[in-house]
Amino acid sequence: MSQVSPITRTHIEHELAELGLSLPNPAKPIAAYVPTVRSGNQVIVSGQIPVVDGKLIAEGLVPTDVTEEEAQRCARRCVLNGLAAVFAEIGADEGIVKVLKLGCFVASPSDYGNHPFVANGASELLAQVMGEAGRHARAAVGCSSLPINAPVEIEMLVEVGPVG
Amino acid sequence: MSQVSPITRTHIEHELAELGLSLPNPAKPIAAYVPTVRSGNQVIVSGQIPVVDGKLIAEGLVPTDVTEEEAQRCARRCVLNGLAAVFAEIGADEGIVKVLKLGCFVASPSDYGNHPFVANGASELLAQVMGEAGRHARAAVGCSSLPINAPVEIEMLVEVGPVG
Amino acid sequence: MSQVSPITRTHIEHELAELGLSLPNPAKPIAAYVPTVRSGNQVIVSGQIPVVDGKLIAEGLVPTDVTEEEAQRCARRCVLNGLAAVFAEIGADEGIVKVLKLGCFVASPSDYGNHPFVANGASELLAQVMGEAGRHARAAVGCSSLPINAPVEIEMLVEVGPVG
C-alpha cells in the first residue's frame with residue numbers, strides 16, 4: 001500500500017471553490033439516529049438526501065418529476081452533505097484517506113434504467129475534488145420512494161487517517 | 001476513544017423486559033445463507049424481517065396494507081430478531097460495543113415519504129435499550145417489494161467485544 | 001478463529017468447471033467508479049449486473065419479464081462477475097478467506113415476494129464452489145428498477161488473505 005497523505009478539509013474546500021461549490025453546515029438527521037459512526041479508521045455516513053438548509057432541492061421520481069440533470073445535481077448535493085458530516089466527525093488533524101463505497105438510491109419508476117448517469121453526479125464530483133482517493137466502489141439501484149420524497153439518497157463509507 | 005464496557009445480553013434482556021419485550025429465539029434464514037458473519041470485531045447481520053415464530057406479523061405495503069404504527073412495530077421486531085442473531089454469534093463473555101449501522105427497507109408505493117418514521121421504530125428501541133452504544137448510522141429507503149411480502153426489512157452492522 | 005487457508009482462484013476455477021461455468025474477464029464499470037476497493041483485508045465489490053461481454057443476459061422485472069429461473073441464472077452471473085473483480089484486485093498469492101456479505105437487489109413489482117429464491121442462485125453457487133468460506137450474510141430486497149433494466153444486481157463484501 002502506498003503512503004499517500006489523507007485529503008484535508010482545506011484541500012477539499014479549495015477544490016470545491018474552483019467548481020463554485022462549498023461544504024455546507026452538517027445537516028441534522030431527520031430521525032432518531034446519528035449522521036456518522038466511526039469504527040476504527042472507517043466512518044460510516046448515514047443516508048444523505050439533497051437538502052440545502054433543511055429543504056429538498058428537488059422532489060419526486062426520476063425522470064418523471066425530476067430531470068436526470070436535476071437528479072445529478074441532487075446526487076452532488078448528497079455528497080457535499082456527506083463530506084460535511086465526515087469532517088464534523090473526525091479530528092482537525094485528520095483527513096480522508098479513501099472514499100470506499102457509495103450506495104446510491106434513485107427514486108424511479110419500473111421502466112427506468114439510467115441510475116448510473118444520476119449516480120455519476122456523486123462519483124465524478126468526488127474524483128474531481130479528491131483525485132484517486134475519491135474513486136470508490138458503488139452500487140446504484142432504483143427505489144419505489146425515498147424519505148420526504150427525495151429523488152436521490154446516498155450513503156457513504158470512508159476511510160480516514162491522521163494528516164502529515 | 002473512551003473505554004466503555006460492551007452491553008451484555010443480560011442488560012439488554014433486562015431493559016427489554018421493562019418495555020414488555022424479550023429477545024426471541026434466533027430465526028432461521030429463509031434461504032441458502034447464514035444469519036450472521038463475523039469479521040474481526042464486527043458482526044454483519046443478514047436482512048431481518050418481522051417474523052415471530054417464523055410467521056410475519058404484518059404483510060404488504062406501507063401505508064396501504066400496513067399502517068405506519070404497525071410498520072414501526074415491524075421495525076422493532078426486526079431489531080429484536082437481529083439482536084438475537086448477534087448474541088447467537090458471539091461468545092458468552094462478549095457484548096455489543098456499538099450498533100454501527102442499520103439499513104432499513106420499507107415496502108412502499110411511489111408517493112410515500114415517511115420511511116424515517118417507520119425506521120424510528122428500530123432506532124428508538126436501540127437507543128432505549130442500549131443508550132449511546134445503540135445510536136447508529138442509518139439509511140432508510142423505499143422498496144417496491146420485500147421477501148415473502150414483508151413490509152419492513154432491516155440489516156445491521158454491529159461492533160462487539162469482550163465484557164469486563 | 002480457525003486457521004483455514006484462503007480459497008484460491010485455481011480452486012474456484014476448478015470447481016466452476018465441474019459445474020460447466022468459468023470466471024469471466026473482469027467487467028468494466030458502466031460509470032465513474034471502480035469495480036473494487038480494498039480496505040485492509042476486505043474487498044468491497046461494486047454492484048454487479050448480469051452482463052456477459054458487456055450485454056445483459058436478461059432484462060426487465062421479475063417475474064413479469066424475466067422468469068424466476070432466469071433470474072436465478074442472473075444472480076449466478078452477478079456472482080461470477082464479482083469473483084472475477086475480486087481476483088483482479090488481489091495479489092496472485094492471495095485468496096478469498098470468507099464471503100462476508102451479499103446485497104441482492106431484484107427488480108420486481110409491488111406484489112412480488114420470492115426474492116430469496118432468486119438470490120439463492122448467488123448464495124448456492126458460492127457455497128458449492130467455496131464451501132464454508134462461501135457462506136455469507138445476506139440482504140435481499142425488491143427494487144422498482146435497476147441500471148440498464150437489469151433484473152438483478154448484487155454487491156459483495158469479501159475478506160481476503162495470503163495463501164499458504
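Quick notes on this structure:
- Ordering of C:60-70, A:65-75, C:79-89 by burial proxy (mean other Cβ atoms within 10 Å per residue, highest first): C:79-89, A:65-75, C:60-70
- Helix B:9-18 axis versus longest C-alpha principal axis of chain B: approximately 50°, rounded to the nearest ten.
- In percent, rounded to a whole number, the relative contact order of the stretch C:9-162 is 34, using alpha-carbon pairs under 8 Å and six or more apart.
- Note on C:146-152: average number of Cβ atoms from other chains within 10 Å of each residue's Cβ is 5.
- Across the identical copies, how the B:ALA92 labels are spaced - nm, sorted shortest first, 7 Å along Cα→Cβ: 5.0, 5.0
- Over chain B: helical MRE at 222 nm, DSSP H runs n ≥ 4 each giving -39500 (n - 2.57), nearest 500: -9500 deg cm²/dmol
- Across all C-alpha atoms in the stretch C:1-95, the radius of gyration and Dmax reach 14.9, 46 Å.
- Cα pair distances in the protein assembly as shown, grouped into 10 Å bins until the bin that holds the longest one, percent each: 4, 21, 33, 29, 12, 1
- Per-residue shielding of A:115-122, expressed as the average number of other chain Cβ atoms within 10 Å of the residue Cβ, stands at 5.
- Residue of chain B with the smallest Cβ distance to the axis mapping B onto C, distance rounded to whole Å: B:SER144, 3.
- Cβ charges +1 (Lys, Arg) and -1 (Asp, Glu), total dipole of chain B, debye: 320 debye
- For the peptide C:40-47, the mean number of other protein chain Cβ atoms found within 10 angstrom of a residue's Cβ is 5.
- Separation between Cα centres of the stretch C:43-76 and the stretch B:37-115, rounded to whole Å: 27 Å
- Computed over the stretch B:61-129, Cα set: Rg, Dmax in Å: 13.9, 47
- For chain A, the equivalent ellipsoid built from the Cα gyration tensor has semi-axes of 26, 16, 14 Å, listed from largest to smallest.
- Vicinal HN-Hα couplings computed from phi for the stretch C:132-145 (Karplus, 6.51 cos²θ - 1.76 cosθ + 1.60; Hz; Gly/Pro x): 4, 5, x, 7, 10, 6, 7, 10, 10, 9, x, 10, 5, 6
- For chain A, modelled as a GNM whose springs connect Cα atoms under 10 angstrom apart, the maximal fluctuation among A:VAL51, A:VAL43, A:VAL97 occurs at A:VAL51.
- Per-copy distances of the B:THR10 label point, shortest first, in nm (7 angstrom along Cα→Cβ): 5.2, 5.2
- Calculated from backbone phi, Karplus (6.51, -1.76, 1.60) coupling profile of the stretch C:58-68 in Hz, x at Gly/Pro: 7, 8, x, 8, 9, x, 5, 9, 10, 5, 5
- Cβ-vector label at 7 Å, A:GLY131, separations to other copies in nm: 4.5, 4.5
Read the figures in this text as sums done on the coordinates, not as results from a lab. Note that the structure is predicted; figures quoted are calculated from it, not measured. Heads up, the Cβs are rebuilt from the backbone with ideal geometry, glycines too, and the neighbour counts pull from every protein chain shown.
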